[in-house]
Amino acid sequence: MRYVLAVLVEDKPGVLVRVAGLFSRRGYNIESLAVGKTVEPMVSRMTIEVEADEKILEQIIKQLYKLINVLKVSNLTQEPSVDRELVLIKVSADVGNRAEIQQIVETFRAKIVDVALNSIIIEVTGNQEKIEAITMLLSQYTILEVVRTGKIAILRGSKTIK
């Protein structure tokens, strides 16, 4: 099963390396990782998506808490939350197929952020299902390159991770 963890850490050099090293040493693969500052000074938030069973997840959480710079670990998987990912997709495009590509982009409420003679760059924000769906439709036009940010997630309502 895929789990989404929100990890609050001290905003110090080397913290990301220590967290990634923990996963690497144990042989766990990080499916997605996004890191950014929070409203709290000197605190960053990592959103980590990992494929694991419950026993491995429990071990991951215990090991994360052993790292000195980790302040809090929250499992968002079963909590009501909103998750998103940003993707840039460069598609081969010419005068003959630009209108078709534009129609797909509009259907998914995505944006064209760059147009060149033989390609278009599309910005898509959404959940994993939306990203997979638009990628599948655009694949008929030859996808040249894809860049993904990694999943970010936040709890719904007034509940926060602090």
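Any read-out appearing in this document is the output of simple, stated calculations on the displayed coordinates, not a laboratory observation. No experiment lies behind these values; they were computed from the predicted model shown.
Distance between Cα centroids, the range 3-36 to the range 65-111: provide it in whole Å.
When both Cα centres are located, 20 Å separates them.
Please tell me the relative contact order of the range 1-113 in percent, rounded to the nearest whole number, where contacts are Cα pairs under 8 Å and at least six residues apart.
Value for the range 1-113: 33 percent.
Return the calculated 222 nm mean residue ellipticity for the chain, to the nearest 500 deg cm²/dmol, obtained by summing -39500 (n - 2.57) across DSSP H runs with n ≥ 4 and dividing by the residue count.
Taking each H run of at least 4 residues, the total per residue is -8500 deg cm²/dmol.
Semi-axes of the equivalent ellipsoid for the range 82-152, please: Cα gyration tensor eigenvalues, times 5, square-rooted, ordered largest first, whole Å.
21, 12, 10
For the cross-link pairs K90/K130; K37/K90; K72/K151; K37/K151; K55/K130, which exceed 22 Å when the distance is taken from alpha carbon to alpha carbon?
The pairs that break the limit, which is 22 Å between Cα atoms, are K37/K90; K55/K130.
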